[in-house]
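Here the structure is laid out as structure tokens; the discussion comes afterwards.
The values are calculated or read from the model by the stated rules, or taken from the named source; none is laboratory data. Just so it is clear, the model here is predicted, and its values are computed rather than measured. Don't worry about glycine lacking a Cβ; one is built from the backbone with ideal geometry, like all the others, and counts go over all protein chains shown. Side chains included, ligands, DNA and RNA excluded: accessible areas come from the protein's heavy atoms. Shrake-Rupley method; radii C 1.70, N 1.55, O 1.52, S 1.80 Å.
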Amino acid sequence: MDTTVFQRFQTSLIAKRHNLIEWLGQTPPTKKQIQLGIANEQAVQAHLQVVDQALEKISNQTLGICEVCHKYVDTDLLEMDYTTSVCLDHYSEQERRQLEAELELSAVVQRALLPQQMPEIPGLNLAAFSRPANIIGGDYFDFLQFRDGAYGLIIADAMGHGISASMLMSSFQTALRTLVPEKESPVEVLERINHIILHNINYVTFVTAFLCRFDPSTRVLTFSNAGQNPPLLYRNRERTVRWLKPTGPALGIIESYYLKAESVTLSDGDILLFYTDGITEAINPQKEPFGQDRLAALVQQNSSLSAQNLVRVVRQAVEDFSGGRPLEDDITLIAGRLEINPVS
Ligand SMILES: [Zn+2]
């Protein structure tokens, strides 16, 4: 193996290791719990061990040596999964075709696409603050369509800053745009993306994501939440607020990944509010965070407003709370309100 390849892998894995250790040491417990979903910290430790083993193999130049023929496996295969230890040649015809498809997808997701328009969804009044499909820093949201025509919405956040976070997000966007039209379930898409990024040498950080699908004919919302701040669901009939909590850990952070799906049937006047942590973590001059409770109360008090006006009211409230300072550019806020009289 070329020593420059080893050097590149080493640089990347050291960055990955640094991000994992920083996350383990510096994330406040409540945030950790959200980002881990149903997993525990040991799963992250297990991932760190995999990274450490790979770094050790790099130091003695044994990373990527095939267990069968003892030659180095192809660099692009190793790039897709740095834990690979068997050449393509030794797989069955079917396994090889599957791996080749993965390699192709892995190459595709490294190209970024242009932003998507906000869709017209029958019976759902929708509004967003921020440009559609915005990738600034680590925040990202986008509108997609599943194979069966159901509408998809993704809201995601990459950990860390700078080039590595924005590169991860543009790959993430491309992966979604490729996978969602081929699938029907959010859980299937997110598990697949986790698989793509977990051992890929090009991704040194991880991402939290909420992906849902909405079918206007049944009004069923199905979602999977991979460690993302819980979106808000206001139930109009009961006048209560429910949080669409994590159903699994963030993507790319743990070995043995497992994610659940949940469904809820929406009714007249129900409101969905998606946001990134810039909203709930906005602080006032006394350094208190805006928090989920204030957000819930605000939506309850303004539940008769259109999505557009609700977004405006929430923005204004967070701005007032932070002492009149304008919100940062990378805050994302999306509201959806089930129309009482859907247009036939
Ligand atoms: Zn081999």
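Table for the structure above
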quantity	calculated
Unique match (being among the hydrophobic types (A, V, I, L, M, F, W, C), in a loop (DSSP other than H, G, I, E, B) and under 25 Å from the mean Cα position of the chain (by Cα)) among L259, L305, L295	L259
Positions within the stretch 1-15 being touching a Phe, Trp or Tyr at 6+ places or on another chain (Cβ under 8 Å) and assigned to a helix (DSSP H, G or I), in sequence order	F9, L13
Residue within the stretch 52-73 that is touching a Leu at 6+ places or on another chain (Cβ under 8 Å) and of a type in the set (D, E) present	no
Residues that are part of a helix (DSSP H, G or I) and within 19 Å of the chain's Cα centre (by Cα), drawn from the stretch 25-40	T30, K31, K32, Q33, I34, Q35, L36
Hey, S92 modelled with pLDDT of 85 or more and either under 24 Å from P246 (Cβ atoms) or open to solvent by 60 Å² or more (accessible area, probe 1.4 Å) (or both) or not	no
The stretch 52-97, residues that are aromatic (F, W, Y) and near the ligand (Cβ under 9 Å from one of its atoms)	Y72
Failed criterion for I135 (all others in (1) away from the ligand (no atom under 16 Å from the Cβ); (2) modelled with pLDDT of 90 or more; (3) surrounded by 20 or more Cβ atoms within 10 Å (Cβ to Cβ) hold)	(2)
Residue in the stretch 42-63 that is open to solvent by less than 80 Å² (accessible area, probe 1.4 Å), in a helix (DSSP H, G or I), at pLDDT below 90 and acidic (D, E) present	no
Residue within the stretch 27-35 that is at pLDDT 95 or above and open to solvent by less than 40 Å² (accessible area, probe 1.4 Å) present	no
Hits in the stretch 11-26 - residues which are touching a Ser or Thr at 6+ places or on another chain (Cβ under 8 Å) and either open to solvent by less than 30 Å² (accessible area, probe 1.4 Å) or more than 17 Å from A250 (Cα to Cα) (or both)	A15, K16
Selected residue (only one of L333, L295, L310, L338 is touching a helix residue (DSSP H, G or I) at 6+ places or on another chain (Cβ under 9 Å), within 20 Å of P122 (Cα to Cα) and at pLDDT 85 or above)	L310
Residues being open to solvent by less than 40 Å² (accessible area, probe 1.4 Å) and part of a loop (DSSP other than H, G, I, E, B) - total across the stretch 237-256	9
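For (1) buried (at least 16 other Cβ atoms within 10 Å of the Cβ); (2) within 19 Å of I34 (Cβ to Cβ), each residue gets a yes or a no:
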| residue | (1), (2) |
| --- | --- |
| E262 | no, yes |
| I271 | yes, no |
| N284 | no, no |
| G291 | no, yes |
| A297 | no, no |
| S303 | yes, no |
| A307 | yes, no |
| V311 | yes, no |
